[in-house]
């Protein structure tokens, strides 16, 4: 006789609190890759450095143009005091100085994009590039997930909303560990899936469990829910 399926058993997936794919913000070549698959990273650490020789050259050129524009503006202002230059000449010189200063700011912003830093502490779960590889703007570099307790994602029948609320406790059996863990509902989606008549929940375990990894799955069991 086939076993009777437990109607209160709901499939769950373990997900990290934060996850992201870091991408290249400029065209260039990977000069250094300071990350490895599964490796831990700290927030603010430089993970990928792109060849910045062209960006550095543009910054040097912008600084030289600013120095020249500033010198010209100073000369025009002195000549204006001697009535040897008109107001329009002084205004144009000042505008050129502002333009050169803006070019410096743009070059510095582009130079900053040569270094890709970790937006949060976590672990590397996928590498998309290798050292010396060329990349285009928007090309994925690596995937990163955050440290800390994992969240549970699950979908329950929408009719259970009469009994399941934020804070409702339940137990979850994780397939990969064979262990059962207590958890509580922390978030309920604002929309019911009208076709499946289900609603998405997020939950947290009562404490951090170091043996659990993102991507593991299991079964959630709610007691006395119909």
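Laboratory data are not the source of any read-out in this text; all were calculated from the coordinates shown. For clarity, every value in this text was computed on a predicted model and none was experimentally measured. Don't worry about glycine lacking a Cβ; one is built from the backbone with ideal geometry, like all the others, and counts go over all protein chains shown.
Report the extension gain between residue 45 and residue 99 in nm, rounded to one decimal, defined as 0.36 nm multiplied by the number of residues separating them, less their alpha carbon distance. Present the calculation step by step, with values, prior to reporting the outcome.
Values: separation 54, 0.36 × 54 = 19.44 nm, distance 3.33 nm.
Result for the pair: 16.1 nm of gain on full extension.
Gain in length, residue 121 to residue 75, computed as 0.36 nm per residue apart minus the alpha-carbon separation, to one decimal in nm? Don't jump to the answer; show the numbers that get you there.
Numbers: separation 46, 0.36 × 46 = 16.56 nm, distance 5.23 nm.
Between residue 121 and residue 75, full extension yields 11.3 nm more.
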Per-residue [θ]222 nm for the chain (sum of -39500 (n - 2.57) over DSSP H runs n ≥ 4, rounded to 500): -8500 deg cm²/dmol
Working from Cα positions, state the angle (0 to 90°, nearest 10) between the long axis of helix 53-81 and the longest principal axis of the chain. 40
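Most exposed first by the Cβ proxy, i.e. fewest other Cβ within 10 Å, how do 83, 51, 193 rank?
Values: 83 7, 51 16, 193 12.
In increasing order of surrounding Cβ atoms, one gets 83, 193, 51.
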Ordered by packing density, taken as the mean number of other Cβ atoms within 10 Å over each peptide's residues, highest first, how do 151-157, 37-43 rank? 151-157, 37-43
Using R₀ = 45 Å, calculate the FRET efficiency as 1/(1 + (r/R₀)^6) where r is the Cβ-Cβ separation of residue 158 and residue 106; round to 0.05. 0.30
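In percent, what relative contact order does the chain have, based on Cα pairs under 8 Å that are 6 or more apart in sequence?
On the way: 441 pairs, mean separation 70.0, N = 226.
The normalised contact order for the chain reaches 31 percent.
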Could you list, bin by bin from short to long, the percent of Cα-Cα pairs of the stretch 108-187 in 10 Å steps? 12, 29, 23, 18, 15, 3
Among the stretch 193-221, those whose backbone N falls under 15 Å of a label point 7 Å along Cα→Cβ from residue 165 are none
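For a test of the definition: using alpha carbon positions, the gyration tensor, and the 1.5 limit on a/c, classify the stretch 54-112 as rounded, prolate or oblate. Write down the numbers at each step before the final one.
On the way: a/c = 5.05, a/b = 3.08, b/c = 1.64.
Verdict is prolate for the stretch 54-112.
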When the Cα atoms of the chain are enclosed in a convex hull and the volume is divided per residue, what value in Å³ results? 218
Work out, step by step, the length gained on full extension between residue 9 and residue 208: first 0.36 nm times the residue separation, then minus their alpha carbon distance; give nm to one decimal. 69.4 nm
Could you tell me, in Å, what Rg and Dmax come out for the Cα atoms of the stretch 143-226? 13.3, 40
Quick check: the angle from helix 87-112's long axis to the longest principal axis of the chain, C-alpha only, nearest 10 degrees? 40
